[in-house]
Every structure is written in C-alpha cells, then in structure tokens.
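The block underneath contains the structure these notes are about, expressed in structure tokens.
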Amino acid sequence: MAGNKKISSLQAIVLAAGTSSRFKTGRSKLVEKICGREMILYPTEILRNLDIPVLMVVGFQRDSIEETIRNNFYEGITFIHQEEQKGTGHAIQCTKDAWIADNILVMNGDMPLITADIIEKLEKKHSSTNAAISFVTAHHCDPNAMYGRVIQGNDNVQIIEAKEFDGDLSEQCCVNAGIYLIKKEFLTTYLSKLEQSSKTNEWYITDLIKMASDHKLGVSTLAVPFDKIRGVNDFKELWAAEQIKKSEIIQYWMSQGVRFSIAHNVQIDWDVTIGAGTFIGSGAQLLRGTHIGKDCYIDAFTLIRKTTIADRTTLHPHTIIDDSIIGSDVFVGPFASVHGHSQIKNGAVIGSFVEVNRSIVGVGSKAKHLTYLGDTIIGNSSNIGAGTIACNYDGAQKHTTTIHDNVFVGANNTLVAPVTLHNQSMTAAGSTITQDVPSEALGIARERQVNKEGYATKIKKEKQDAATQEEGSTRFFGATTTSKTSINEL
C-alpha cells in the first residue's frame, strides 16, 4: 500500500481529553512543543496525509487544543467534548453518534513519533485477518513505564492497564501502544458492555480486547519498535521524545549533505530546511520557519528563527537572526542581531555588535562595528562607520533614515531621522546629522575644536596640589578615608 494515500472505509478517533496531571503545569501536555511543533499536531498530520477523517475527543483545556488544530490544519477534524474524563472507553462512547466508517481507528493524542507506515501496516493486517479488533504492541523493559501490559496465552489475549496490573512488570514487557483498529459492527455491539473499573471508576477501551478474544471474534496484533509509539506523560518523557525527533531530523539533513560539528548540541525544529554543503556549528538553534541555502557557514551559538538565508552566507558566533531575509555571500556577526523583517542583500556585511531592526541593507553595503540601524534603508555599496546610530524614535513616532548608494558615513555619527544621505555623499566622523546631505556633499555637524596651549600641564599640577592638600588634611584629623565633605562637617 503506497504511503500518503487514503485508506478506504476508515475513520479515526484521537483521544485528547486527558488532564495531563503528571506534567504539573496546569496545561494540556498536547500543546507542549517538540522540535517547535505542538505535540498533538504530529499524529494529526499523519492522519491528514492518509486522508482519514478525524473525531477528536477533547475535554481538559479543549479551547487551547482546538485553537492549535484550527491554526494549523484542515477542516477534516470534528471535535467532540467529553464533559468528564472517565477513561478511554467512555471517550469512545462519546463519539458513537458520529461513526460513519466500517472500521474505527483509535489512537492517543500524545504520540509524536508515530509514522504513517504503522497505520498502513495495521490496516493491512486487520483487513487480511478479518479481525474484530487489531492493536499495536511494543516491547519495553522499564518496570516503571506506565503502559498497559499485553498478556497472551491459551488462545487468549488481554490488556491489563498499568494502574490495575499487579504482576511482575519486569517479566511482562510486551506493552500496549494505544493504537487500535476496530470493526464498527463489533464496537456497536460490545462498547456498551464495558464495565467500570473498581479501582479507578473508569471505563477502558482495552477491555474490548478480552471481550473479542473470549468470544473468538479475532484479535490481531502488530509489533513495532517502542521508540515509534512512545507516549509522553511528563517532561522527562517529552525530553526523550524530542531527542529522538531531533535525531531523525538531523540524520535526514546529514543524508542531504549537511555537516553538523556536534550534532547533539544543535536545536533544530521540524520545518527547518538546509542546503547541501552547509556547516552547522555547535550550539546553533535553528528554529521554526528557518530556511538555509547551500554552502553556508553557520557558526557556534547562532540563533535563527523565521528567516531565509541564501547561499554561501556566513554567520559568525553568537549571532541572532529573527524574522528576516539574508541574501547570498553575506557576512553577519559575531554578536550581531538582525530582526524585525529586515533584509540584508547580497554581499553585505553586518559586523560585530551591530543591530539591524526593520531595515534594508543594500548589495555590498557594510556596517562592520558597534552600530544600530533602526528603520533604515541603505542602498548599494555604502559604508557605515563604527559607532553610528540611526535615531529612529522621537518619543512618539518612528522615523526613517535613508542612505543612498555609495555613501560614506563617518565613525561615531548620530543620524537623526527623518533624514536622507544622497548618492555618493559623505559625513564627517563625530557628526550629528539632522538635515539631508546632498549628492557628493560632505556633511559636518560638530563643534569646532579649540586647543588651549599649556592647559594640560596646568590641569595636572592643579590636580596634584589638590591631592596633596587632601592627604595632609586627613593626616591632621587622624583619618584615613575622610572626604572633603566629612572634613567640613567636622
């Protein structure tokens, strides 16, 4: 069966109503992010790609879950509210009026590592064996893992929930994954026969396995690797799942010609793309919405979010790029920040301790040292001297500084917006530019220097005399730290 094709006569129920009590955050775990994406979106996308309509059972914090789904997915999901969380069997009961397919797929919402081929293989086995119910199993030897245990023997199979199991967990290492495929006809007949647990007062979908087995109606199992069906019940398990997901992503980009210097120190989100020949340094954070071109060099401890970077660009260490567009053959950093929909065009240089915000830096232009460019439009081949600040805010409004092509801005300039520096103009170092500078003109805006002959020696002597006088005063009063003010007070 080919991947990403519709599985006919199938409908899914995703269980997403739990209280996530073990997270201890007061939030639903399903909106916690793994590699930049809410956990509930991973299994939901698998079902969307298989074109399987979904009934999602929500309860605790249903508004946040529904908003997450609506902001990211299509209209093929119907939300069903479980007023009280009384177990998985009760959750399925809440959906019965919406069943439209011959077979109902039931799965937990906290399965970020699930793959489409598991669903496809389960459907194939369910169909070929004509089973009333089929489910996924895995082997996991941790006795502390809160998974239902699959018990088989004497032509009988059952699942005992972790809360109810009183056997040897280290010996019973076949666990229930929480993915079931059930004939609607069987579900209609037997769901109402579930009995409430005496220990938890809940109804469990797992009891249907024993019912089908006892009535010889056919039960099939599909064994898969545990890492594919890991659930997430606390932050430790979320961390483990994210490490696996991150490893999958990094290994994929390695196979596409990307080198990671220390791969396990890199943070990378699920939708990041990277071109062949690119190097990713230790501690880099490549966050959601980032697209990096070919043959780039992303050095250590850079952070990139929601940004497109063209080919052969270098980001030096500790550079932050957020919500911007970086051209090809650009150099940025170290310790630079580019954000606010800024554009750095081909061949430009943004140097150390330079911040660019809501600005455009043209082709081949340079701002190499200690500069702030806010709401600034710079043309091509212009040079911005060290210590330059574009003063874009007057306390009430933001204003634009415009610097045309081939402009030379001297060091330590203050450009008071709105102001324009026209083509091939220059400004003198130390200037405060408040008026436009015409083409090919030199703008100078600073006080004229005055040299006082002999004053340096005079000032030094006065300071030495004052220090000597103060030292004598403190000795007279027998003090070692008394200031002039304290002496006067005495």
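Taking segment 133-216 as the region of interest, the strands (runs of 3 or more DSSP E) fully inside it that hold 2 or more residues being touching a Ser or Thr at 6+ places or on another chain (Cβ under 6 Å) are 133-139, 156-160, 174-183. Scanning segment 113-145 for residues that are more than 18 Å from THR206 (Cα to Cα) and of a type in the set (A, V, I, L, M, F, W, C) returns LEU113, ILE114, ALA116, ILE118, ILE119, CYS141.
Taken over segment 145-155, the criterion of being surrounded by 13 or more Cβ atoms within 10 Å (Cβ to Cβ) and either not hydrophobic (A, V, I, L, M, F, W, C) or not assigned by TED's automatic domain parsing to the domain that holds ILE209 (or both) is satisfied by TYR147, GLY148, ARG149, GLN152. Within segment 278-288, the residues that satisfy the criterion of being crowded, with 16+ Cβ neighbours inside 10 Å and part of a loop (DSSP other than H, G, I, E, B) are THR278, GLY281, GLY283, ALA284, LEU287. Restricting THR420, THR432 to those that are at negative phi and buried (at least 17 other Cβ atoms within 10 Å of the Cβ) reduces the list to THR420. Restricting attention to segment 331-343, does a residue exist that is assigned by TED's automatic domain parsing to the domain that holds TYR252, touching a residue at least 60 places away in the same chain (Cβ under 8 Å) and either in a loop (DSSP other than H, G, I, E, B) or within 21 Å of HIS369 (Cβ to Cβ) (or both)? Scanning segment 331-343, I find no residue that is assigned by TED's automatic domain parsing to the domain that holds TYR252, touching a residue at least 60 places away in the same chain (Cβ under 8 Å) and either in a loop (DSSP other than H, G, I, E, B) or within 21 Å of HIS369 (Cβ to Cβ) (or both), so the answer is no.
Only one of the numbered conditions (1) touching a Gly at 6+ places or on another chain (Cβ under 8 Å); (2) buried (at least 19 other Cβ atoms within 10 Å of the Cβ) is violated by ALA116, and that is (2). Counting the residues of segment 207-255 that are buried (at least 19 other Cβ atoms within 10 Å of the Cβ), within 22 Å of GLY89 (Cβ to Cβ) and basic (Lys, Arg) gives 0. Of the strands (runs of 3 or more DSSP E) lying entirely inside segment 1-101, those carrying at least 2 residues that are free of Cβ contacts under 8 Å to residues at least 60 places away in the same chain and β-branched (Val, Ile, Thr) are 54-58, 77-81. THR206 meets each of the listed conditions (1) more than 24 Å from LEU30 (Cβ to Cβ); (2) modelled with pLDDT under 95; (3) polar (S, T, N, Q) apart from (1). Evaluated against (1) buried (at least 16 other Cβ atoms within 10 Å of the Cβ); (2) within 30 Å of ARG37 (Cα to Cα); (3) small (Gly, Ala, Ser), ALA131 falls short on exactly one condition, (2). Scanning segment 169-184 for residues that are touching a residue at least 12 places away in the same chain (Cβ under 8 Å) and surrounded by fewer than 20 Cβ atoms within 10 Å (Cβ to Cβ) returns LEU169, SER170, GLN172, CYS173, CYS174, LYS184. So for segment 378-388 (the condition being closer than 16 Å to SER324 by Cα and either surrounded by 18 or more Cβ atoms within 10 Å (Cβ to Cβ) or not assigned by TED's automatic domain parsing to the domain that holds GLY327 (or both)), does at least one residue qualify? Yes, some residue in segment 378-388 is closer than 16 Å to SER324 by Cα and either surrounded by 18 or more Cβ atoms within 10 Å (Cβ to Cβ) or not assigned by TED's automatic domain parsing to the domain that holds GLY327 (or both). When restricted to residues that are of a type outside the set (Val, Ile, Thr) and either within 20 Å of CYS35 (Cβ to Cβ) or in contact with an Asp or Glu (Cβ under 6 Å, 6 or more places away or on another chain) (or both), segment 205-253 contains 24. In a residue-by-residue description of segment 348-361, the property of being over 27 Å from the mean Cα position of the chain (by Cα) and not in a strand (DSSP E or B) applies to at least one position. Within segment 219-230, the presence of at least one residue that is in a loop (DSSP other than H, G, I, E, B), among the basic types (Lys, Arg) and in contact (Cβ under 8 Å) with a residue 60 or more places away in the chain is confirmed. I want to confirm something. Restricting to segment 26-35 and keeping residues that are crowded, with 19+ Cβ neighbours inside 10 Å and of a type outside the set (Lys, Arg), which single residue is nearest to the chain's Cα centre (by Cα)? So the residue we want is CYS35.
So that you can scan it fast, the table gives a plain yes or no per residue for (1) in contact with an Asp or Glu (Cβ under 9 Å, 6 or more places away or on another chain); (2) farther than 12 Å from VAL219 by Cα:
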{"position": "SER134", "(1), (2)": "yes, no"}
{"position": "THR137", "(1), (2)": "no, yes"}
{"position": "HIS140", "(1), (2)": "no, yes"}
{"position": "ASP155", "(1), (2)": "no, no"}
{"position": "GLN158", "(1), (2)": "yes, no"}
{"position": "PHE165", "(1), (2)": "no, yes"}
{"position": "ALA177", "(1), (2)": "no, yes"}
{"position": "LEU187", "(1), (2)": "no, yes"}
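The values are calculated or read from the model by the stated rules, or taken from the named source; none is laboratory data. These figures come from a predicted structure and were not determined experimentally. FYI the Cβ positions are ideal-geometry reconstructions off the backbone, even for glycines, and counts take in every protein chain you see.
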